[in-house]
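Shown next, in structure tokens, is the structure this report addresses.
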Amino acid sequence: MKVHAALARALANHGTDTMFGLIGDANLFLAHSFADGGGQYVGAVHEAGAMFMAFGYAGRTGKLGVVTVTHGPALTNTLTGLVEAVRGRIPLLVIAGDTATTSRSSIQDIPQRDVVLPTGAGFEQARTPETALADLALAIRRAVVERRPVVFNVPVDFTWHDVDYWDVPLDLPAPQRLGPDREALLQAVLEIAAADRPVLLAGRGAIGARSSVLRLAERIGAPMATTLKAKDLFRGEPFDMEVAGAVAGPATREVFAAADLIISIGTSLNGYATENGRLLRGKKQVVIDIDEARATLRGDATAVTDRLIDLLDLMNVPRREFRTPEMAHRLTAQAAPGERPPTAPGTVDVVTALRRLDEILPRPRTVVSDAGRFMMESSRYVHPGDPRAYVLPVNFGSIGMGMGAAVGAAAARTGEPVILVCGDGGFMHAGTGEFSTAARYGLDIIVVVCNDGGYGAEHIQYTRRDLDPALSLFDWPDLAKLAGALGGDGITVRGPLDLEQAAKAVENRTSPLLIDLRLDVHHIQALPH
């Protein structure tokens, strides 16, 4: 069996059902063998798009995302995606072709290990054709266990070597629920007992522990908030504060300001979640996390919260009365923004539009968010319903990554439509090519473009300093027509009546749909720094 066919077979046997990529001379036979063996191969327009497809697939399914690219510039085109996946702790396997081991003249030759390692990704070399299967297994194991991307480097001259196929075990460690240290647990109970106004803040690491976290919140009388990555974890609960930090509503900010103890579970407490630490200032903390470097109470979220409840009961710690009917009313009321100021003619208010689209767009659904100034509103008003159906390729702060992630999430074939919310700059930056990919593969994706006519984050920098913002504004093409030219459909929304036409377009869609929300650039909030 040829090496390319052996690698494709091994991927399938290790559970890979979908591969994303862009073929070149060093990896085209691997892609062909994978597809020929019954796997789903999704061909991207650009290697960066392929990376974010795998990110979206892994983020939505929890499975390993697999990408294949060729050498040189193809690999360098993956670097933003590598950094994004490292920071998002997303396991990816990137199978990169490399120039032949005997080549000294290829213009695409580059020391690929030296390119990859500064991103924080892992690197594994196929040492020989005969060891390629074992080397692949090691790369997969590292990606899964280390929860980061690993590049598996395969020289092109290995491709057509004959090798004996054998199933190499991955030897993945059995799942373990790490329990808390007894003294640390006692200290946490003492902190809770001393607090009058406790608050729970849950991150993505708490998603699987929802029922235990809710029991803890009820036991100690704490309202609950989430980070953006755990959005909607407590949706429907009476003391759900929704997302904390930079995008929080006014009532949520009031509750955090009054709190004297914050119990965080499964979150890195980054700058956006804590408003660069302001949220935590002057408050006691109990930090429950699997990461020893930041935890005061280290362990699996379910195991720790269950033990914490048991010890609270054993020590007869009384329940606090921080949660009140008035608080519940204020938290519910903050979802309605009240009367909105008028916008420029030919534009629609962003909050009004997003709240109506949240009603219009089908459920259940997967929601993908690109990065941009629009997130201040979309993060509050567009709901996935389930935090596991929320994909956020925003860990590196780059715009334009959402369209690729939406294609990857849709390729997972969960039966749910994928909703991408992005800015006009992000869509033009890197979305148009992969929108055509969505059309080519017949994927059910609805793209909501928050179109303020330029790069909004830069626009606000100019205007705050009384400078002419013209450099940040762009006369984009008609995005609805562009969507049609790329193989989908599009509709432009300039007012409330257009939103009802958008509802009909959503209901009757037969291809990827783009909804172009024309917004007033002066009415979008600024992202915090």
What whole number of Å gives the distance from the Cα centroid of the stretch 501-524 to the Cα centroid of the stretch 402-435?
14 Å
Using Cα-Cα distances under 8 Å and only pairs 6 or more residues apart, what relative contact order does the chain have, in percent?
14 percent
Rank these for me by crowding, Y57, Y455, going from fewest to most other beta carbons within 10 Å.
Y455, Y57
So what's the Cα pair-distance distribution over the stretch 295-339, bin width 5 Å, in %?
5, 16, 13, 13, 14, 15, 14, 5, 4, 1
At a Förster radius of 60 Å, what calculated FRET efficiency corresponds to the Cβ-Cβ distance of E326 and A12, to the nearest 0.05?
0.55
Strictly greater than 29 Å: what percent of every Cα pair in the stretch 3-158 meets that?
6 percent
Placing unit charges on C-beta atoms (Lys and Arg positive, Asp and Glu negative, everything else neutral), compute the dipole magnitude of the stretch 182-333 about its Cα centre in debye, rounded to 20.
240 debye
Can you tell me the Rg and Dmax of the stretch 182-333, counting just the alpha carbons, in angstroms?
13.8, 41
At 27 angstrom or more along the helix axis (alpha-carbon based) and mean Kyte-Doolittle of -1.0 or higher, what helices does the chain contain? Whole DSSP H runs only.
none
At a 10 Å Cβ-Cβ cut-off, how would you order S211, S106, fewest neighbours first?
S211, S106
For the chain, what proportion of DSSP beta bridges, expressed in % and rounded to the nearest 5, is antiparallel?
5 percent
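Would you mind ranking W166, W476, W160 by Cβ crowding within 10 Å, fewest neighbours first? Write down the numbers at each step before the final one.
On the way: W166 9, W476 16, W160 12.
By the 10 Å Cβ count, ascending, the order reads W166, W160, W476.
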Which peptide among 215-226, 375-386 comes first, and what is the full order, when sorted by highest mean count of other Cβ atoms within 10 Å?
215-226, 375-386
Would you compute, from DSSP H runs of 4+ residues alone, the mean residue ellipticity of the chain at 222 nm, taking -39500 (n - 2.57) per run and dividing by the full residue count, rounded to the nearest 500?
-11000 deg cm²/dmol
Could you tally up the Lys pairs in the chain with alpha carbons closer than 28 Å? Skip any pair fewer than 8 positions apart unless they're on separate chains.
9
Which of the peptides 78-87, 115-124 is most tightly packed, and how do the rest follow, judged by the mean count of other Cβ atoms within 10 Å per residue?
78-87, 115-124
Over what distance in Å are the Cα centres of the stretch 201-270 and the stretch 41-110 separated?
35 Å
Note down the Stokes-Einstein diffusion coefficient of the stretch 366-488 in µm²/s, whole number, using a Kirkwood radius over alpha carbon pairs, 20 °C, and 1.002 mPa s.
144 µm²/s
Loop-only trypsin sites (Lys or Arg not before Pro) in the stretch 405-493, please: DSSP not H, G, I, E or B, and at most 15 other Cβ atoms within 10 Å.
R413, R465
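So which trypsin sites (Lys or Arg not before Pro) in the stretch 250-283 pass both tests, a DSSP loop state and at most 11 other Cβ atoms within 10 Å of the Cβ?
R281
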Charge dipole of the chain about the Cα centre (unit charges at C-beta), most positive-ward option of Q461, G346, A222
A222
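All of the numbers you see were taken from the coordinates with simple rules; none came from a lab. Model, not experiment: these values are computed from the prediction. A quick note on method: Cβ atoms are made from the backbone with ideal geometry, for glycine too, and the neighbour counts reach across all protein chains shown.
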